[in-house]
1. Counting only residues that are aliphatic (A, V, I, L, M) and in contact with an Asp or Glu (Cβ under 6 Å, 6 or more places away or on another chain), how many does the stretch 136-187 have?
2. Just checking, does the stretch 345-354 include any residue being surrounded by 22 or more Cβ atoms within 10 Å (Cβ to Cβ), outside any strand (DSSP E or B) and either touching a strand residue (DSSP E or B) at 6+ places or on another chain (Cβ under 6 Å) or not hydroxyl-bearing (Ser, Thr, Tyr) (or both)?
3. Applying the selection to the stretch 32-69, what residues are free of Cβ contacts under 8 Å to residues at least 60 places away in the same chain and aliphatic (A, V, I, L, M)?
4. Here are the criteria: (1) surrounded by 20 or more Cβ atoms within 10 Å (Cβ to Cβ); (2) of a type in the set (S, T, N, Q); (3) within 30 Å of ILE96 (Cβ to Cβ). Tell me which single one THR263 does not satisfy.
5. When you check LYS25 against the structure, is it among the basic types (Lys, Arg) and closer than 30 Å to ILE238 by Cα, yes or no?
6. Within the stretch 318-340, count every residue that is assigned to a helix (DSSP H, G or I) and not basic (Lys, Arg).
7. Hey, which of the strands (runs of 3 or more DSSP E) in the stretch 146-247, taking only ones fully inside, have at least 1 residues that are modelled with pLDDT of 95 or more and small (Gly, Ala, Ser)?
Amino acid sequence: MNESKNAPETAVIGAGIIGVCCAIKLQNQGIKVTLIDKVGVAQGCSKGNAGHFATEQVFPLAELGLLKHIPKMLFSPNGPIKIRLAYLPFAMPWFIRFFVNMLPARFKRHSKALKTLNIKAIEAYDELLEQAGLSHLLIKQGSLMTFENTDLKIIEQIKNKYLDNGIRVELLSRSQVKNLEPSLSSNVTYALYFPDVGHTQDPEKLCLSLFEYFMAQGGQFVQEHVHSIEQSKEKVRISTSLQTIHCDTAILAAGAWSKRLLTPLKYKVPLDTERGYHYMVKNHPNINRPIASYERKFIMTPMTSGLRLAGTVEFAGLNTKSNKKRATALASHSTKLLDGINITESLDGQHWMGMRPSLPDSLPVIGRAPKHDRLFFAFGHQHLGLTQAAITGKLIAELVCKKPSSIELEPFSINRFD
């Protein structure tokens, strides 16, 4: 893109999939964009996520029905949630807010907001990837949610809950599941098939490819640690470890590290870190789409480098060392769902841990900073960063350029935490 010498300038802090999509969408508006990240492009959750464009996930995690399962989930050796004991006092304020958000009125409101983002998510990606010549990186073969010992009446209720919220879904019998995915174990009795869901076989490659497109269109990249953000009347000043960057506007898309930059600006946000793990399997039977387990709370996605097992969550803060046992626990689950899987052969990067930026209402923060009119927020997407990146980029570009918003952004305002 040929930018005018007088083109407005913006900086995007954070070069994960959210930041990269924001950068391209702003660039499309004739804005000169500098992307900043301390460790490089796609080196956080954008590198090791499940690769699942989970547009069917319109229900917040804070749901009343979860309460009865929490003790088992926390104390089971292979359970999907862990809280390190030393971190519990720091996590408690987040969990108190999380439990409050289980109230039916809040759950309904937050679900409606999630749906407004997810319903436009694939469409926004189609537009972005076609523009960049990368449409082949988004595979549209749907996804499965499998059941092993859940009563059929409960499965029907779950299916109807999705249908009532406008999500296309089909209930499959054991034989129908086997026809669709022959490698699945006979332990699977039923599955829900979501035909409108997509996946990518390499989320890191997807992000890096979009970044290369951004750079080819005249983008700038700075690999430095951002120390602070300040705003004067006419400019935003970003201080890094090596320089000061002056720009007309700035977008904070630093994921789990966003809170550190917000605190000096007097914004309070209950952002915590869900440490997500994955485990890569080299020798495995073929599957064609993401397959999630309802009972085991994990997901398997076919990747170019192997089968990725993901889904476990740990609360332990940003600085604690990773716990490989969390990733290994995923491997034992996979043997119950897939016939012929070999979990003993290791891959480079077999165990991985990334920091999911999580808010207790399961909604991201997207919008203009209320006390800094040149600063915009795009963080806190929790488990749906990959899913919502393209639509978030579109919304941010609309805001910066003062265009009508594609959706109502009030539910995503940082003001909701006042």
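1. 1
2. no
3. Within the stretch 32-69, LEU64, LEU66, LEU67 meet the criteria.
4. Of (1) surrounded by 20 or more Cβ atoms within 10 Å (Cβ to Cβ); (2) of a type in the set (S, T, N, Q); (3) within 30 Å of ILE96 (Cβ to Cβ), only one is false for THR263: (1).
5. The answer is yes for LYS25.
6. Of the stretch 318-340, the ones assigned to a helix (DSSP H, G or I) are 324-337.
Filter again for not basic (Lys, Arg), leaving 327-335, 337.
The qualifying residues number 10.
7. Output list reads 170-173, 190-194, 226-231, 236-240.
One line per residue, one yes/no per condition, for (1) in contact with a Lys or Arg (Cβ under 9 Å, 6 or more places away or on another chain); (2) not aliphatic (A, V, I, L, M):
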{"position": "PRO8", "(1), (2)": "yes, yes"}
{"position": "GLY16", "(1), (2)": "yes, yes"}
{"position": "LYS47", "(1), (2)": "no, yes"}
{"position": "LEU61", "(1), (2)": "no, no"}
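The values are calculated or read from the model by the stated rules, or taken from the named source; none is laboratory data. Only a predicted model underlies this, so the values are computations on that prediction, with no experimental measurement involved. Backbone-built Cβ (ideal geometry, glycine too); neighbour counts: all protein chains shown.
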